[in-house]
Amino acid sequence: MPKSKKIAQQVNLSDPQYYLNRELSWLEFNRRVLHEACDERTPLLERLKFLAIFGSNLDEFFMVRVAALKQQVEAKVSLLTPDGRTPQQQLDDISLSLRPLVTQQHQEFEQVLKPKLASHGIHILDYIQLTQKQRSYLDNYFNEQVFPVLTPLAVDPSHPFPYISNLSLNLAVVIKNPETEEEFFARVKVPNVLPRFLPLPPELGIHSQGQPANWTGVPLEQAIAHNLESLFPGMTIQEYHPFRITRDADLALEEDEADDLLLAVEQELRKRRFGGSSVRLEIQSQTPENVRSRLVQDLELAESDVYEVDGLLGHRDLMYFMGLPLSELKDEPWQSVVHPRLQRIKEAAVEAGVSGVEDGRDFFSVIRERDLLVHHPYQSFSTSVVRFITHAAHDPGVLAIKMTLYRTSGDSPIVNALIDAAENGKQVSVLVELKARFDEENNIYWARRLERVGVHVVYGLVGLKTHSKIVMVVRREHDRIMRYVHIGTGNYNPKTARLYTDFGLFSCREDLAADVTDVFNFLTGYSRQKSYRQLLVAPVNMRDRFGALIHREIENAQNGLSGRIVAKMNSLVDPQIIATLYEASRAGVQIDLIVRGICCLRPGLKDISENIRIISIVGRFLEHSRIFYFHNNGEEEIYIGSADWMRRNLDRRVEVITPVLEPDIAKDLQEVLGIMIADNRQAWELQHDGSYIQRRPGEDSRESHSQKILMSMALRSTSIA
């Protein structure tokens, strides 16, 4: 039989040829982001937004991933990646793949989007295009608002090359003493405390058919560049050239040696404000060789670290224009709906404040009926998760609240509710993950606020990041104690909950609640819990449990039964999981994977991964939820939670994955997976060589846009509730 022949054939599934490179796969993801900026089907300001996201993504990629590779090269690390590359080979391949993307990025803005923006009354001008009246206005603005903030820094034997901060935009200025003809070099930082784009008042803006433009203005650096004489009086300005620096910004924590983790993180954050070594220099292509070589030398960079562009530097700042009140140039606004089972609570909450009680129908009674699943941003985060925690903070029967916080918003209603709970005499315990990258400072702020009101704050475990999304509310009900839990796939952040797709499960099942209790004891005490009733918990049992679930599908397929796996996640990197999926494919298991970002598995390889299909969905909402479906010969099992299939999630983080035990909810999740697999508008199919091809509806088929379908389904659910 062909099936047994496949199984009998011995194959080394750890062979590098079967793996895609993690860094190059991430660049492919960012290529898909850039495509959204270039896609004419995307509304104009949304295209600008995607261009800003592309730039912001690249900044973080250099600050973390490229910086780490450069450190490995410097340390002469020769360890190969699963795909067989050395650190230097990865840097070389990154540069080779990235430079055409950067060129495309800037060409799209300068040659396509700027003219389109102008045709819609948004004029991002160069200073030389301004009229005399417009220049006079900006010159006055410069003298009053900008000049006092600037600090020109000379570079000469008595003034060493200044430290240039991470992600800063600067002007390299060449000046001449007219008396001695001696040339000097100076640096002027474009201050980030001022708006990057300076608007002109409507009366000075460009007019069309007697109507003022929607926006007319110039980049801040151009206003500075054309007023340099004010900074160097008596000198002749020879030339100026914008440049931008990216530095290593990852924290280097020695957790084992830290007596106080909070203090250690704070000290590292102070270092980050200055940044580590330089990893990238962005300059305009017309920058002369003498200025370019001076910057490369003084910043201790190599030529391979220089990225030349034509036009505006720092595209992440283009997000500014999303603030313009031009709804016709944006996606149709979306207002999350209230989950049908929570609508009566919403109506009652309007009348009764936070209590949310109507004929005994409080939040807890809804959960007691049966488990509740919410899907953000289609269903409201504020009327579900935020209300659950706020309700618990004020409910007289609630005795304790326990929660993990990985990332939250700067004005978090959740943290405010936890503070209220503590002030109301409830026992509140919160694990605040101080090592959540680029949110460390925000988390330190909230940790200190919580501690001041008596909340028991834990800062995480040495060597592990706590990435799980769990809440437990302990409530006295008559003569018994009930535990209510929320287990989610996304952060407790009301702002990102409007932009990221995530699931959250509410339950009061005793076995789930007991497991969540054990997880909190593991996080806050000295528990060494090794087994859980229902939950998959990393780094304790999750890797083994996922391996067992995949192997069960393999055994079913080998025994002539149907084998099927569908999984949705952000990234698939772990070599052990990938090798097991290859085994499953070779045994005949049908596998569909929805992987938004990095994917190191090669689909479609003969005798290896012929039964594996992989898509990535990139749309207006960031696909962030994790769902795992296993057919189990008709006894289907489905799971949701916080973990991707990456080494860091399975081995170096505290993660929680929960089974979905309510049959109706399990069917709803399967429907969501089916809608995504059928997407032919925002879905991209991964090819065996690591490239992606975007799906397009055929001539005889309708467009299937998964996010739009899910929005429509959410709206219909409110009308039938």
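Read-outs throughout are calculated quantities, based only on the coordinates presented, and are distinct from any laboratory measurement. No experiment lies behind these values; they were computed from the predicted model shown. Note: ideal-geometry Cβ built from the backbone for every residue, glycine included; neighbour counts use all protein chains shown.
On a straight-distance basis, which aspartates and glutamates could pair with Lys530 in a cross-link, Cα separation under 16 angstrom, same-chain partners fewer than 8 positions away excluded?
Asp511, Asp515, Asp518, Asp544, Asp651, Glu655
What GluC sites (Glu not before Pro) in the stretch 171-232 are in a loop by DSSP, with at most 13 other Cβ atoms within 10 Å of the Cβ?
Taking the stretch 171-232 and a limit of 13 other Cβ atoms within 10 Å, the loop GluC sites (Glu not before Pro) found are Glu179, Glu181, Glu182.
Report ³J(HN,Hα) in whole Hz for each residue of the stretch 692-699, in order, from the Karplus equation J = 6.51 cos²θ - 1.76 cosθ + 1.60 where θ = phi - 60°; Gly and Pro get x.
Taking θ as phi minus 60°, the curve returns 10, 10, 6, 6, 9, x, x, 4 Hz for the stretch 692-699.
Quick check on the exposure proxy: order Met542, Met713 from fewest to most C-beta atoms within 10 angstrom.
Fewest-to-most Cβ neighbours within 10 Å comes out as Met713, Met542.
Measuring from label point to label point, each 7 Å out along Cα→Cβ, what is the Ile693 to Leu399 span in nm?
Reported label-point gap for Ile693 and Leu399 is 6.1 nm.
Given N residues in the chain, what is Rg(Cα) / (2.2 N^0.38 Å)?
Here the answer is 1.04, to two decimals.
Which percentage, to the nearest 5, of the DSSP beta bridges contained in the chain is antiparallel?
70 percent
Counting other Cβ atoms within 10 Å, which GluC sites (Glu not before Pro) in the stretch 584-669 have at most 15 and lie in a DSSP loop?
When the GluC sites (Glu not before Pro) of the stretch 584-669 are filtered for loop state and at most 15 Cβ neighbours within 10 Å, Glu610, Glu635, Glu636 remain.
When His467, His456, His705 are ordered from fewest to most other Cβ atoms inside 10 Å of their Cβ, what list results?
Sorted ascending by nearby Cβ count, the order is His456, His705, His467.
Over all directions, what mean area does the Cα convex hull of the stretch 78-329 project, stated in square nanometres?
About 19.3 nm², averaged over all directions.
How much FRET efficiency would the formula 1/(1 + (r/R0)^6) give for Val453 and Arg370, where r is the Cβ-Cβ distance and R0 is 22 Å, rounded to 0.05?
Computed FRET efficiency for Val453 and Arg370 comes out at 0.05.
Please tell me the relative contact order of the chain in percent, rounded to the nearest whole number, where contacts are Cα pairs under 8 Å and at least six residues apart.
12 percent
Evaluate the relative contact order of the stretch 340-524 (contact order divided by residue number), counting alpha-carbon pairs under 8 angstrom at least 6 apart; express in whole percent.
After rounding, I find 25 percent.
For the stretch 523-668, place one equal point scatterer on every Cα, skip the solvent, and apply the Debye formula. What is log10 of I(q)/I(0) at q = 0.10, 0.14, 0.18 Å⁻¹?
-0.34, -0.67, -1.10
Quick check on my link table: of Lys133/Lys330; Lys402/Lys568; Lys469/Lys667; Lys76/Lys189; Lys330/Lys465; Lys70/Lys176, which ones sit more than 26 Å apart, alpha carbon to alpha carbon?
Exceeds cut-off: Lys133/Lys330; Lys402/Lys568; Lys76/Lys189; Lys330/Lys465; Lys70/Lys176.
Would you please name the trypsin sites (Lys or Arg not before Pro) within the stretch 27-99 that are DSSP coil residues with at most 13 other C-beta atoms within 10 Å of their C-beta?
Arg41, Lys76
Could you give the length gained on full extension between Arg528 and Arg294, defined as 0.36 nm per residue of separation minus the Cα-Cα distance, in nm?
Gain on stretching Arg528 to Arg294: 78.6 nm.
What order, most packed first, do the peptides 568-580, 297-309, 513-525 have when packing is the mean number of other Cβ atoms within 10 Å of each residue?
568-580, 513-525, 297-309
Evaluated at 20 °C with a viscosity of 1.002 mPa s, what Stokes-Einstein diffusion coefficient in µm²/s does the stretch 27-155 have when Rh comes from the Kirkwood expression over alpha-carbon pairs?
117 µm²/s
5 Å is the cut-off here: which amide hydrogens, built 1.01 Å from N in the peptide plane, fall below it relative to Leu601, excluding neighbours closer than 5 in sequence?
Amide H neighbours of Leu601, under 5 Å, 5+ apart: Leu20.
Of the beta bridges DSSP finds with both residues in the stretch 340-524, what % are antiparallel, to the nearest 5?
Beta bridges within the stretch 340-524, antiparallel portion: roughly 70 percent.
Where does the stretch 340-524 land on Rg/Rh, using Cα atoms and the Kirkwood Rh?
My calculation of the ratio gives 0.94.
To the nearest µm²/s, what D does Stokes-Einstein give for the stretch 577-617 at 4 °C and 1.567 mPa s, using the Kirkwood radius over alpha carbon pairs as Rh?
D = 128 µm²/s.
Taking Rh as the Kirkwood radius, which is the inverse of the mean 1/r over Cα pairs, what is the Rg/Rh value for the stretch 458-562?
Value, to two decimals: 1.05.
Name the residues whose placed amide hydrogens come within less than 5 Å of the amide hydrogen of Leu461, ignoring near sequence neighbours (fewer than 5 apart) on the same chain.
Thr466
To the nearest 0.05, what FRET efficiency results for Gln427 and Glu179 with a Förster distance of 60 Å applied to their C-beta separation?
So the FRET efficiency works out to roughly 0.20.
With runs of 4+ DSSP H residues as the only contributors, calculate the mean residue ellipticity of the chain at 222 nm using -39,500 (n - 2.57) per run, divided by the residue total and rounded to the nearest 500.
Computed ellipticity for the chain at 222 nm equals -10500 deg cm²/dmol.
Kindly identify the stretch 572-656 as rounded, prolate or oblate by the Cα gyration tensor criterion: order the square roots of the eigenvalues as a ≥ b ≥ c, call it rounded if a/c is under 1.5, otherwise compare a/b with b/c, prolate if a/b is larger, else oblate.
Rounded is the answer for the stretch 572-656, as its axis ratio a/c remains below 1.5.
Going by C-beta contacts inside 10 Å, put Thr246, Thr496 in order with the fewest on the left.
Fewest-to-most Cβ neighbours within 10 Å comes out as Thr496, Thr246.
Report the relative contact order of the stretch 33-173, percent, no decimals, based on alpha-carbon pairs under 8 angstrom and at least 6 residues apart.
Rounded, it is 16 percent for the stretch 33-173.
Assuming R0 = 25 Å, what is the FRET efficiency of Asp126 and Phe147, from their Cβ-Cβ distance, to the nearest 0.05?
The calculated FRET efficiency here is 0.75.
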